[in-house]
Each structure stands twice: as structure tokens, then as C-alpha cells.
Amino acid sequence: MWHACARSSPLRQTKNTAIQHGLYTSVLLWRAWCARWAAPRASGGIGRRAGFRFQCLMTWGFKSPLAHVNSLSRLSRRRFLGATSAAGAVAALHTASSEVPEEVSEDAADTDNGSITIAGIHRPQSLDPGLATDAETERIVRQIYEPLVGIDQNTGSFEPLLAEEWDSSDDELTYTFTLRRDVLFHDGSQLTADVVVENFQRWGRLDYLYGFGNISQSTPLAFPTVFGGYFDSEECVLESVEAEDDRTVVLTLSEPVVYLLQALTLPAFGIASAEVLVDSDPGLVSRTPMGTGPYQLVETESEDASRLTLQVFNDYWEAIEGPSEVVVRPLPRTFDRLRELQRGQADVYDLITADNLRSLVQSGRMILQRDPFSVLYLGFNLDHPVMSDIGIREAAARAVNRPQLVDRLFLEGSRPAYEFTPAALSVHSDTAQQYAYSLSDAQELLEDSDYDGEPLEFFYPINTTRSYLPQPEAVFAAIAADLTAAGFRIRPRPVRWGDGYVDQVMSDSSRALHLLGRNGGFRSPHAFLSPLFGQPSREFNFHDENLVELLNEARAESDEETRTEIYREAADRIQEQLPALPLAYPISGLAMNARVADYPMSPVLNERFAEIRLTGT
């Protein structure tokens, strides 16, 4: 049985003391090094302390032993981000003394130490947690709503959140959750077991509430991905959700779901007030978001209608040490986010790109990075008359120079991908087809096929930055050049992300290829494989019953070694049929100004604003 425990961090106290003595750099480096070795491996978690590295640190008066290096032009992108020692990281900043962009004082961002501005990417697609599938939506949903189970920022393992404790039966078919006392929603109503049950029942009927035709064309949602289907489906393994009393919720399964507790940490399982759960108006949840989270959405009089303002919920169930107000400004273009940080109009610039490193280093910004827990891929439409040929798909796969792509366009630490699960999950198959780069093999395969030079429509997003796709236009150009060299004729189809890029990819039958990716929401191969290949999807128009059976078998397998072998067999089947080509496991990162002392980095993007610490607080 798990019990709630106090959330305190000796490292945070150590850091605050160090700031006062001008030793912040040393503490940060010590913390990052210690966390990587000291974090519990048995938990299987990817945590903030175990899963990220500080690659660029503010000097705080630390004298660099490498100060003789006097030109940033001699410091390449990969050499800079590859620095692993204290001296190397700090020296990178000492050498950045020329061509510093003109910038405004940090005080310009906000003179109120209780408010910060984050330069994000896009507005959320919806504030209905059950519909959350993209990172920008999840970023906001995590602040407003809370699930039963949370994520430990230090280890990445699960911990109590709205449920203060839980227990499971020996056969792993029954989970009993005990809710915290005196938890209020933003509308003043109280958290009870009946409200939790109502949320689960709603998630299990989202296909009905929003219309099956609409849901089936979207990215697979969390509920059917975790439980195998919606309540009206024979594949759904969640038999019932019941309230034993005001504080006790019981989930009953027909088959074990070994990753259930990890999956319940997803923002898609955030609990909403019963007052907004109206069947006749499912969109009310999004228009009037009422959760139990530490922040609530407020309306402000602003000239920029796209920005979102979150303010602390004063009746939150525990003390909040984070900023009293967080403003999230959607700025799709990476240059705009950099500009606003440099001008002092933003405190945090998320999803930095390799081409902006020079400016960030020159201005002495602190850069934090997330370890790779996402995958970028090149998708194929198997209903397309050309791409339905496995030989042509293999020709495309062998034409793409993945190592060169990653080396040129991604942050240091990113790696070429040859399977759909990141290396951290330890389920890679030694027997899966890799389709290594070979231009001659690609040309030969294409010559032996029936391809006759027909133009192939290649969809890619523009005016955006994704954690798995930092520079979409440049990535598209590199891949298109590789495919053209092999003999393909490519017709570019750029689509603004904000104009419904994913929906257009799903619905356009003329599409041959597309760029997309996936973030891992929890630590399991299922977080990657099931949404992509575990259920029918219009993205690839690919469905393999044997593969689905393997994933369902892994879902119920309690023995870790056996489960790993099942996932490896699934990887073999995916690579053999090649519905998509994995391209990269990208590193993503953010830059901060001096007002921000600490930011809760997380590979699974569990970045709660209440964990942000400002200097002097």
C-alpha cells in the first residue's frame, strides 16, 4: 500500500543557501551528477533528478580554468552541448563574449516576483483533459486538473496525488484508491468518490459524447489506449468503477494492466468537477475548466487574446511555493520566443533549437535539457497506391540518412532512432530490421519496383516547434533531398500546425508521407506502441491483429523479462511491415532568465508550475 508523504527537497534548501553565497553553479552541477547516480534504479522511473542534465549554467562569479578560449566561433554546437564537466560548461559561457545581442533588462519582464511569463508554442487544442494528446494541451491541463496518481519529481516513479493511498489485489484485477480529505475544485465543490467515478464513466464514453466519426479521426486518446477500448467495446478491460464510500474508489479489471498506476499519472486522467460533466454539452469541460489543481484559468484584459493566464488557487489542498501567476504566451516561431526572452518579455523560452544556441550562450542564459523520451518518425500511408508496396517503403527508409539528419539539426544528446521505443525503456530488439542508410540500395529497390516517378505528397508542419521536431522545415528539406537523390519525386505539402495539421494528415487520402512524433507520457513501451499501432488508425491505415495481440499480452504480463521479450517481438513485426520509419530520439530543452532559479524539468513533461522557483523566493 502506498501512502502520501511530505514533499520536501534538501537539495532545494541547499540551492537557496548556495545562491546567497554565490555558489549556485557548483550546487547545480553537484546535484545533477549526484542525481544521475543516486536516483533509485529499482523504481524504473525517469525522474527530474535522474533524467535531465544541466548543459549551460550561469557563472555566478565562478572563474573558468578555460578562460583562454576567447571566441565562440571556435565552439561548435556539439562541442558546447557536449561539455560534461563543471569547467567545460562554465567555460562555454566565459568564451561567449562577442556579438552579444542587444537586450532589455531582466526587470522588463515583470517587476512582480510572483508572476512569470513562459514563451510556449501554441494554445491548447482543448482544456478537456480526456482529449489531451499534444504537449501544449497537456502543459496547461496539468496545472488545472490532477489525476489520482502523481509523479515523483526526483525519481520519475509514481506517487500519491488526489489518492493518498491505494491497494491492489493479488491477481492485479482490483485497485482500491483512498482519496485525500478536504480537496476542493475551483468552483468550490468537494472531491468525492462519486465525482471520480463520474469522470471515469465519461472518459469511457468520449467516443459517444463527441461523436464516433470525430474521435476516430483523431490521435488515439488515453482511455482506449490504456484500457484497450471504450466501455462499449469488447476489448475494454475496465469492467467497472465504483464508489464504496465518499473517499473510496474501486477499479475492477477483466485482465491485468501492469502499467496502470503509471498510466493514471497522465494529464488525460485529470479529475474535473461534476458541475461541468454534462452529457448534452461535452464541450463545457473545456470552456469552463474546473479542476483541483494549484492553478486556475482566469480571464484577463489583454491585447494578446492568445495568451493564457493562470493564477494560484487559494483553496488548494497544500501550500504552493511557486509563482502566484503564470502567463503562457503562444509563440510558434522559435525566433520569436528567443527575441522575447532576450527583450525581457519572457522568463522561460521552451523548445530551444540548435540554431539559437549562439545567442543564448552569448547572453549567459541558463539552459536545461530533457533526456530523450520521444520519437520522431516518417509516416507512410499504406492505402496510397505507391506506398502500399513494402519494397518502395524500404527504398524510402534506406534513402534517409538518419545519423546525418540528427547530427545537423538536433541538439547534442539526440540519437538516430531505429525503433519506436527510446533506449531508456530497454526493450530494443537485436533482430528488428534497421534499414540502415544506403543510397545505392534505395536506388536499386526503387528501380526494381513499379514506381514510375509519380509525385508523392509529403505533409510536414510549419510555423511550429515540437519537442520531437524542433525545426520541421529544415527536417523536411533534408529528408526530401535524400528521397529525391534516391529517385523519388516529392511534392511538398506544408501545413500550419495551428490550422489542424494532425487532422489534415489523418483525413487526406492523397497523402503519401508525413512527419509526426510521439512523446512518452509514462514509463512503458506501451506509451509509444499502443497509440501508434495498438488500434486502428487513419494515420498509417495499418492494422495487424497479431501485433495487437502481442501488445495486449504484454499489457497483462507481470513478469518483466517475459514482457520485454513480447515487446521485442512486437518491434520485429513493426519493423518488418514498416508502416512508418523512426527517425530520431530528440533532446529538448529550455532557456531561462535570471529571475527563474529552478524549473521542474521532466522527460515525460510532468512540469507543474507550482514547482517553479523564482530567485529570492
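The values are calculated or read from the model by the stated rules, or taken from the named source; none is laboratory data. This one's a predicted model, so the numbers in the text were calculated from it and none came from an experiment. Here Cβ is always computed from backbone atoms with ideal geometry, including for glycine, and neighbour counts include all displayed protein chains. Please note that ligands, DNA and RNA were not included when accessible areas were found on the heavy atoms of the full protein model with its side chains. Shrake-Rupley method; radii C 1.70, N 1.55, O 1.52, S 1.80 Å.
The figures follow:
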item	result
Length released on extending from Ser324 to Glu576, taking residue separation times 0.36 nm less the Cα-Cα span	85.5 nm
Inter-label distance, nm, simple model (7 Å from Cα along the C-beta direction), Ala436/His543	3.7
Residue-level accessible surface for Thr174, protein heavy atoms, 1.4 Å, Å²	40
Proportion of all alpha-carbon pairs of segment 232-306 beyond 22 Å (%)	47
Counted charge near Leu550, where neighbours are those whose Cβ lies closer than 12 Å (Asp, Glu -1; Lys, Arg +1)	-4
Against the rule of thumb 2.2 N^0.38 Å, how large the Cα Rg of segment 391-481 comes out	1.21
Potential lengthening between Ala477 and Glu235 on full extension [0.36 nm per residue; Cα-Cα distance subtracted]	83.0 nm
Spin-label model distance (nm) - Thr174 vs Glu299, 7 Å beyond Cα toward Cβ	4.8
Nearest-10 value in Å² for the accessible area of Met290, using the 1.4 Å probe	50
His428, His543, reordered so the largest accessible area comes first (probe 1.4 Å)	His543, His428
Loop-resident sites, segment 149-256, for GluC sites (Glu not before Pro), counting at most 15 other Cβ within 10 Å (DSSP)	Glu172, Glu234, Glu235
Summed side-chain charge close to Thr178 - residues other than Thr178 whose Cβ falls under 9 Å, Lys, Arg +1, Asp, Glu -1	-1
Most to least accessible of His526, His122 (protein chains only, probe 1.4 Å)	His122, His526
Net length gained if the chain between Thr288 and Arg333 were fully extended (0.36 nm per residue, minus Cα distance)	13.3 nm
